[in-house]
Structure formats: C-alpha cells, structure tokens
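As structure tokens, the structure follows; a few thoughts come after it.
The values are calculated or read from the model by the stated rules, or taken from the named source; none is laboratory data. Just so it is clear, the model here is predicted, and its values are computed rather than measured. Glycine gets a Cβ as well: all are built from the backbone with ideal geometry, and neighbour counts include every protein chain shown. Surface accessibility is based on the protein's heavy atoms, side chains included, excluding ligands, DNA and RNA. Shrake-Rupley method; radii C 1.70, N 1.55, O 1.52, S 1.80 Å.
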Amino acid sequence: MKIRMRVNGTQHEHDVEPRLLLVHYVRDVLGLTGANVGCDTTSCGACTVLLNGESVKSCTVLAVQADGAELTTIEGLAAGGSLHPVQEAFREHHALQCGFCTPGMVMATLSLLTENPKPTEAEVRLGLEGNLCRCTGYHNIVKAALAAAAALDGPAQEENAR
Ligand code: FES
Ligand code: FES
C-alpha cells in the first residue's frame, strides 16, 4: 500500500506491506533508529514517537494507520545543533544510563508537558508510567521532566526547580 507521511518536517512516500509496524517503517525504511524496540508488545515505551502531536508506542501502530499523519521522532527535536529543552534537561540531570529507554522517555515527557505544562512530581510519575527503564533510573528521569517543565515555562521557574 502507498503511504505518505511528514516525518520531522520532511514529506515521505513509500509502498509498504499492510502488516508493517510503524516502528519498523521509521527504523528500517526511513533509517531513523532513535526509537528502539524493547518489547514489541506495548509494554516498555522505548518506541514512543509523536503521531499528530500525541505520543504513541510505534510498535502498536501499523505504518498504514499513520498514512497522512505528521510524525515526530527523537531525531526531529534538536534544532540547529541545539538540544531541545527536554533533551537538555535529561543531559543535565543525568537521566540516562544505558540510554535504551531515553528516546522514548524524552518523547513521552514532551507529550506529557504539552498536555500538562506544570505537572507535579506525582503527575510526572503517572504520565511516564507507560515507559520502562531497565536501568531503573526513574528518580533522575522525574527530576529531568520537572526541570524541563520549568525550562519550557521560563528561566525564573527553572531556578526554582533546582
Ligand atoms: S517496543 Fe514498543 S512498547 Fe516496547
Ligand atoms: S537508561 Fe537504560 S533502560 Fe533506561
């Protein structure tokens, strides 16, 4: 089937098998390997991307279901050589160890902060509960998400979050 999709601002068109998962389209057809496959069963969140601005686990979506959509992957966040504020917060707060879950965590955090720009710690934990970190670095991930919220809200708030 022919599908068209705008991915990180670039239009793509491909013939794909109807059974092709979105995560395999992104990784194997487009060569964007940031979204990882940790489970293939909708459990870990390592494959999280934004589909029309909403976070989805791309191992759960068929590529053909995303036909006509706007897709953002982790590769689309950094602009002009600068990390996105969520990426910067993860870096600054050591919110990654092996890094396998990180692309999904960053995308899920971005989606959470879009829906709820000033989450409490409990809301961050709830919002990210669909993303697993096998290195169990949750404490710093939550700290990074709160710092990212503050950074996106303005520099003065960021100071308060330290
Ligand atoms: S690979 Fe998609 S949720 Fe784990
Ligand atoms: S940093 Fe290793 S899985 Fe999260």
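For Cys135, Cys98, give me the order by solvent-accessible area with a 1.4 Å probe, most accessible first, ignoring ligands, DNA and RNA.
Cys98, Cys135
May I ask you to compute the full-extension gain from His12 to Glu70, defined as 0.36 nm times their residue separation minus their alpha-carbon distance, rounded to one decimal in nm?
19.8 nm
Taking the Cα centre as origin and putting +1 on Lys and Arg beta-carbons and -1 on Asp and Glu beta-carbons, what dipole magnitude results for the chain, to the nearest 20 debye?
240
Can you tell me how the range 1-77 classifies by the Cα gyration tensor, rounded, prolate or oblate, using a/c under 1.5 as the rounded cut?
Because a/c hits 1.5 or more and a/b fails to exceed b/c, the range 1-77 counts as oblate.
Based on Cα positions only, what radius of gyration and what Dmax would you give for the chain, in angstroms?
15.7, 51
Say each of Ala78 and Thr136 gets a label point 7 Å from the Cα, pointing the same way as Cα to Cβ; how far apart are those two points in nm?
Here the modelled spin labels are 3.1 nm apart.
May I ask you to compute the full-extension gain from Leu126 to His94, defined as 0.36 nm times their residue separation minus their alpha-carbon distance, rounded to one decimal in nm?
9.5 nm
Give me the percent of the accessible area of the chain that comes from carbon and sulfur atoms, probe 1.4 Å, all protein chains in place.
For the chain, the apolar C and S fraction of the accessible surface comes to 50 percent.
Once a ≥ b ≥ c are taken as the square roots of the eigenvalues of the Cα gyration tensor of the range 44-129, is the result rounded (a/c under 1.5), prolate (a/b larger than b/c) or oblate (a/b not larger than b/c)?
Prolate.
Pick out, from Gly137, Ser55, Thr42, the residue whose Cα sits farthest towards the positive end of the charge dipole of the range 1-141, with +1 on the Cβ of Lys and Arg and -1 on the Cβ of Asp and Glu.
Gly137
In Å², what does the accessible area per residue of the chain work out to with a 1.4 Å probe?
On a per-residue basis, the chain sits at 51 Å².
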